[in-house]
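Peer 1: Dropping the structure in here first, questions after.
The values are calculated or read from the model by the stated rules, or taken from the named source; none is laboratory data. This one's a predicted model, so the numbers in the text were calculated from it and none came from an experiment. Every residue, glycine as well, gets a Cβ built from its backbone with ideal geometry; the counts of neighbours run over all protein chains shown.
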Amino acid sequence: MSEILRLEGIAASPGIIIGPAFKLRREEWIIRKQKISEAEIPMQIQLFEEALIKTRHEILDLQKRISEDMGKDSAQIFEAHLLVLEDRMLIEEVISRLKTENLTVAYIFQEVLKKYIAVFSRIEDDYLRERVSDINDVGKRILRHLLGKEGRGNLLANLEKRVILVAHDLSPSETAIMHKENICGFVTDVGGKTSHTAIMAKSIEIPAVVGLRQATEMIKNDDLLIVDGSLGLVIVNPDEAMLNSYHQEEDKLKGITQKFSLVKDLPALTPDNYKVTILANIELPEEIPSVKLHGAEGIGLYRTEYFYMNRKDLPSEEEQFVAYSSVAESFSPHPVTIRTLDLGGDKFISQLEIPREMTSFLGWRAIRFCLARPDIFKVQLRAILRASVFGQLRLMYPMISGIGELEQANKILEDCKNELNAEDIPFNKDIKVGTMIELPSAALTADLLARKSDFFSIGTNDLIQYSLAVDRANEKVAYLYEPTHPAVLRMIKNVIEAGHDNNIEVAMCGEMAGDEIMILILLGMGLDVFSVPSLAIPQIKYIIRSVTMEEARQIAHQALTLSTGKEVELYSQNRLRELLK
Ligand code: PEP
Ligand code: MG
């Protein structure tokens, strides 16, 4: 009988799932030590040479594409990668060990690679130490050719039975393909509640727990797992009694879901007749049927960057136009809010093809990237404008830091409108253009931004991480990520007031808008639109329909007098409990 383990992590996507574990290992650990005969050595050397050539072609090809798409500077990083490929010491060590150790070239190469990485990691010189990631990147490419695999995506695509994935980390683009595969849940060592991997899990409605730290160490392949994505708990090899109690828990959850779904198609109207709007966040057009089923009154955030992922080229204007117009049409006359490209941070075009400066949340991402690359930005803006005649399409810019960026973005939008006019292509001339409030600088200058925006949408996932200096994807600092922090509440209040003073609608599309603990406070502060993962819609409507606006205002007022996030959380939890009992 295997040992029963209880692992606590971060609740990333709600629901309970029971099933066998499938470990997705990091590439360096999947190569077994395998003996070969003397006669096989020349073939292994040939395999190695071919892998080096293929990797070289791959990098040159990538360098060319990145240089065309993002400029020469971005492609510069591949020069260092090419140098690694020409490193005689590395190549000769692999070949000489191959001739003496009678082991596969993949295994030997991996060993040599590990040694190199260890040596470089210990070097004092910053420049040389930074070469570690170049060696790592190139090494993985060579290994993939040696193993004849296309990477983890392929591994996921060939699963024969339904499994729960156990991984150190998963990228949002890896998560995005899960709904098409035999994966019914996942758990990871790292990650935070509002990382895009967690957000994607909610969208495709599979339970997930992240930030478990030791999941890959403690869980073995085929261990039976209970994943409780609502509590952030994983039970490994549960006994009969635990399984029974979880089956009962599943039934209870079903009962609660049914209670909420009774109101899902009703308006979010308080008993004293104050109405707010409930919209959905989507990442993929495939989510639309589920969004409608959960009772959304439109789309408040369409994260378009997933269009750019899991592919090698950039999406064309035509392709984007077809997708945006079909989403707009399917919700017409309700609003569909397209968020312009927000690449960077934890969202990459592809794991391997991104210049390093874009992978920081503080780096060259979102609107910064779009303003620097109007050629890429304009393709999307033209597609959005063209699609705007098919419904109530609106657009909004991510990561705006102040008036300057908003004006620059609008100038490019104006250029696109002029081009379309000249080409006689129809578009909605009065398309609403909103600003996402995700930076403290934007929240504090909301009065200025409001004068130049048709609406605001508060992106709390980023606003919280930047206000509290807490990386949203890092489990080690997750305890500091507090939506209830007084600083966050004050900023939100400021944004709502600035919006209303200027007669514009204020929406929120960060995960906070779907957090049950926050609903009463946000409602009481006067938030007009809650845009949330579709799963959360019935519950939000239920809560809003249970409280008068007068009570909600009083709750918000009281919450704003408290001095810590914990106090606010406890207070709000108690008020919610009283209300729903
Ligand atoms: C946010 O930051 O709250 C937001 C909605 O954008 P994203 O989660 O995609 O960064
Ligand atoms: Mg954001």
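Peer 1: For the subset of the stretch 383-401 comprising residues that are within 22 Å of Lys452 (Cβ to Cβ) and more than 24 Å from the chain's Cα centre (by Cα), which member is surrounded by the fewest Cβ atoms within 10 Å (Cβ to Cβ)?
Peer 2: For the stretch 383-401, the residue satisfying everything is Gln392.
Peer 1: Whether any residue in the stretch 553-566 is assigned by TED's automatic domain parsing to the domain that holds His294, touching a Gly at 6+ places or on another chain (Cβ under 6 Å), within 16 Å of ligand 2 (Cβ to nearest atom) and of a type in the set (A, V, I, L, M, F, W, C) is what I want to check.
Peer 2: Checking the stretch 553-566: not a single residue is assigned by TED's automatic domain parsing to the domain that holds His294, touching a Gly at 6+ places or on another chain (Cβ under 6 Å), within 16 Å of ligand 2 (Cβ to nearest atom) and of a type in the set (A, V, I, L, M, F, W, C).
Peer 1: Please work out which residue is farthest from Ser360 (Cα to Cα), limiting yourself to the stretch 192-211 and to residues that are assigned to a helix (DSSP H, G or I) and among the small types (Gly, Ala, Ser).
Peer 2: Ranking the qualifying residues of the stretch 192-211, first place goes to Ser203.
Peer 1: Condition (residue is over 25 Å from Val187 (Cα atoms) and either at pLDDT below 95 or more than 29 Å from the chain's Cα centre (by Cα) (or both)) applied to the stretch 237-256: is it met by at least one residue?
Peer 2: Yes, the stretch 237-256 has at least one match.
Peer 1: Still on this structure, I have one more. Could you tell me whether the stretch 510-522 includes any residue that is part of a loop (DSSP other than H, G, I, E, B) and either under 23 Å from Thr561 (Cα atoms) or touching a helix residue (DSSP H, G or I) at 6+ places or on another chain (Cβ under 8 Å) (or both)?
Peer 2: yes
Peer 1: Is it the case, given these coordinates, that Val119 is outside the structural domain of Met309 (by TED's automatic domain parsing) and either at pLDDT 90 or above or touching a Ser or Thr at 6+ places or on another chain (Cβ under 6 Å) (or both)?
Peer 2: No: the conditions fail for Val119.
Peer 1: Now for a separate question. Test Asp415 against the stated conditions and say whether it is surrounded by fewer than 21 Cβ atoms within 10 Å (Cβ to Cβ), at pLDDT 95 or above and within 21 Å of Thr340 (Cβ to Cβ).
Peer 2: Judged against the criteria, Asp415 is a match.
Peer 1: In the stretch 109-146, how many residues are of a type outside the set (Lys, Arg) and in contact (Cβ under 8 Å) with a residue 24 or more places away in the chain?
Peer 2: 14
Yes/no matrix, rows are residues, columns are (1) in contact (Cβ under 8 Å) with a residue 60 or more places away in the chain; (2) farther than 15 Å from His485 by Cβ; (3) touching a Lys or Arg at 6+ places or on another chain (Cβ under 9 Å); (4) assigned to a helix (DSSP H, G or I):
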position	(1), (2), (3), (4)
Tyr542	yes, yes, yes, yes
Glu551	no, yes, yes, yes
Ile555	no, yes, yes, yes
Leu562	yes, no, no, no
Glu569	yes, no, no, yes
Gln573	no, yes, no, yes
Leu579	no, yes, no, yes
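Peer 1: Can we say Phe361 is outside any helix (DSSP H, G or I), within 16 Å of ligand 2 (Cβ to nearest atom), modelled with pLDDT under 95 and not charged (D, E, K, R)?
Peer 2: When the stated conditions are applied, Phe361 passes them.
For every residue, the table says whether it meets (1) in the same structural domain as Ala559 (by TED's automatic domain parsing); (2) away from ligand 2 (no atom under 16 Å from the Cβ); (3) surrounded by 24 or more Cβ atoms within 10 Å (Cβ to Cβ).
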| site | (1), (2), (3) |
| --- | --- |
| Ser467 | yes, no, no |
| Asp471 | yes, no, no |
| His485 | yes, yes, no |
| Gly499 | yes, yes, yes |
| Asn503 | yes, yes, no |
| Cys509 | yes, no, yes |
| Gly514 | yes, no, yes |
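Peer 1: Being farther than 24 Å from Ser203 by Cβ and within 16 Å of ligand 1 (Cβ to nearest atom) narrows it down to one of Ala507, Ala446, Ala498, Ala422, so name that one.
Peer 2: Ala446
Peer 1: If you take just the strands (runs of 3 or more DSSP E) that sit entirely in the stretch 234-352, which of them hold at least 1 residues that are without any contact (Cβ under 8 Å) to a residue 40 or more places away in the chain and more than 16 Å from ligand 1 (Cβ to nearest atom)?
Peer 2: Of the strands (runs of 3 or more DSSP E) lying wholly inside the stretch 234-352, those with at least 1 residues that are without any contact (Cβ under 8 Å) to a residue 40 or more places away in the chain and more than 16 Å from ligand 1 (Cβ to nearest atom) span 275-282.
Peer 1: Every residue in the stretch 434-454 that is away from ligand 2 (no atom under 16 Å from the Cβ), under 20 Å from Tyr302 (Cα atoms) and buried (at least 18 other Cβ atoms within 10 Å of the Cβ), please.
Peer 2: Across the stretch 434-454, the qualifying residue is only Ser453.
Peer 1: Identify, from the list Val477, Val488, the residue that is of a type in the set (Val, Ile, Thr) and away from ligand 1 (no atom under 12 Å from the Cβ).
Peer 2: Val477
Peer 1: Taking the stretch 397-412 as the search range and keeping residues that are among the aliphatic types (A, V, I, L, M) and in contact with an Asp or Glu (Cβ under 9 Å, 6 or more places away or on another chain), which one is nearest to Cys509 (Cα to Cα)?
Peer 2: Residue satisfying both the conditions and the ranking: Met399.
Peer 1: Is it the case that Ala478 is at pLDDT below 95 and away from ligand 2 (no atom under 16 Å from the Cβ)?
Peer 2: yes
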